[in-house]
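Q: One structure coming up, written as structure tokens, with questions to follow.
The values are calculated or read from the model by the stated rules, or taken from the named source; none is laboratory data. Predicted model only: the values in this text are computed from it and were never measured. Cβ sites come from the backbone with ideal geometry, for glycine too, and all protein chains shown count toward neighbours. Areas reflect the complete protein model, heavy atoms only, side chains present, ligands, DNA and RNA absent. Shrake-Rupley method; radii C 1.70, N 1.55, O 1.52, S 1.80 Å.
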Amino acid sequence: MELTKDKSRHHHGNLHAALVEAGIEILRSSGLDALSLRKCAALAGVSHAAPAHHFGNLEGLKWAIAEEAFARFSEFMRTHAAAADDTAHGRLLGICRGYLAFARAEPALYEMIFCLQRKDPESKRDASTSYSILRDTCAPFVPPGTDPVIIETQVWSLVHGFALLELHGRLGDTPPPDDAILALLRHIGQEPA
């Protein structure tokens, strides 16, 4: 009797990407605590040792997933900015809408990237693209002599806080409309009266 192995089950054109996608699926369905190298391997249809070869350990897999999550997050902001009015204010509203759209579409990824950021302040590489979108979009609203970080923090705090309050159910069954919250951005960069 000849034993044959089903090689198609174990062959991927890009195993790294397949394992990252498996990890994302686990995050979406079961949360960060359920993520493991073994579960990713099983979902991707490869040996349990394959993820360790690509990522080293679970932290390595988490960072690979975070890198993909930041790329998707950035794309949401860029896409919404491109669809907005072609004005500084329109682009600002666009990235904020993209920010909220990503948080709603991918709540597990959204929470993961900010959770990992808190745990590892050295992890600025992947977050820098997303933050540079915010920084560049806020630049026209920075008054002369003002530290740009102040305006960036005002915008980021508004949209991030709103996203978290909504995701955690703190705004009830009917959260306020995005435009009602983002209306504060009309005043960004202006001196208080």
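Q: Residue under question is R38, and the condition is that it be at pLDDT below 90 and more than 20 Å from E106 (Cα to Cα); does it hold?
A: no
Q: Shifting gears a bit: Given the range 41-134, what helices (runs of 4 or more DSSP H) lie entirely inside it while holding 2 or more residues that are at pLDDT 90 or above, open to solvent by 50 Å² or more (accessible area, probe 1.4 Å) and of a type outside the set (D, E)?
A: Once the helices (runs of 4 or more DSSP H) in the range 41-134 are filtered for at least 2 residues that are at pLDDT 90 or above, open to solvent by 50 Å² or more (accessible area, probe 1.4 Å) and of a type outside the set (D, E), what remains is 58-83, 88-105.
Q: Quick check on the range 148-174: of everything there that is of a type in the set (G, A, S) and loosely packed, with under 14 Cβ neighbours inside 10 Å, which residue is modelled with the lowest pLDDT?
A: Step one: of the range 148-174, the residues of a type in the set (G, A, S) are 157, 161, 163, 169, 172.
Next cut, loosely packed, with under 14 Cβ neighbours inside 10 Å only: 157, 161, 169, 172.
Details: S157: 96, G161: 96, G169: 93, G172: 90.
This residue is G172.
Q: Which condition number in (1) over 14 Å from the mean Cα position of the chain (by Cα); (2) in contact (Cβ under 8 Å) with a residue 12 or more places away in the chain; (3) part of a helix (DSSP H, G or I) is the one that W156 fails?
A: Condition (1) is where W156 drops out.
Q: Turning to a different aspect of this structure: Which of the residues spanning the range 95-113 are under 13 Å from H168 (Cβ atoms) and either in contact with a Ser or Thr (Cβ under 8 Å, 6 or more places away or on another chain) or small (G, A, S) (or both)?
A: A103
Q: Of the residues that make up the range 165-177, is at least one farther than 25 Å from F55 by Cβ, part of a helix (DSSP H, G or I) and in contact (Cβ under 8 Å) with a residue 24 or more places away in the chain? Explain how you work it out, then say what you get.
A: Taking the range 165-177 first, the residues farther than 25 Å from F55 by Cβ are 165-177.
Then keep just the ones that are part of a helix (DSSP H, G or I); that gives 165-167.
Remaining after also requiring in contact (Cβ under 8 Å) with a residue 24 or more places away in the chain: 166-167.
Yes, there is a match, as at least one residue in the range 165-177 is farther than 25 Å from F55 by Cβ, part of a helix (DSSP H, G or I) and in contact (Cβ under 8 Å) with a residue 24 or more places away in the chain.
Q: Still on this model: Cβ contacts < 8 Å: first residue touching a residue at least 60 places away in the same chain (Cβ under 8 Å), restricted to the range 80-92; second residue among the basic types (K, R) and surrounded by fewer than 20 Cβ atoms within 10 Å (Cβ to Cβ), any location; separation 6+ or different chain. Result?
A: From the range 80-92, the pairs are H89/R186.
Q: On to the next question. Quick check on R186: is it in a helix (DSSP H, G or I) and either modelled with pLDDT of 95 or more or more than 23 Å from L27 (Cβ to Cβ) (or both)?
A: Spelling it out, R186 is indeed in a helix (DSSP H, G or I) and either modelled with pLDDT of 95 or more or more than 23 Å from L27 (Cβ to Cβ) (or both).
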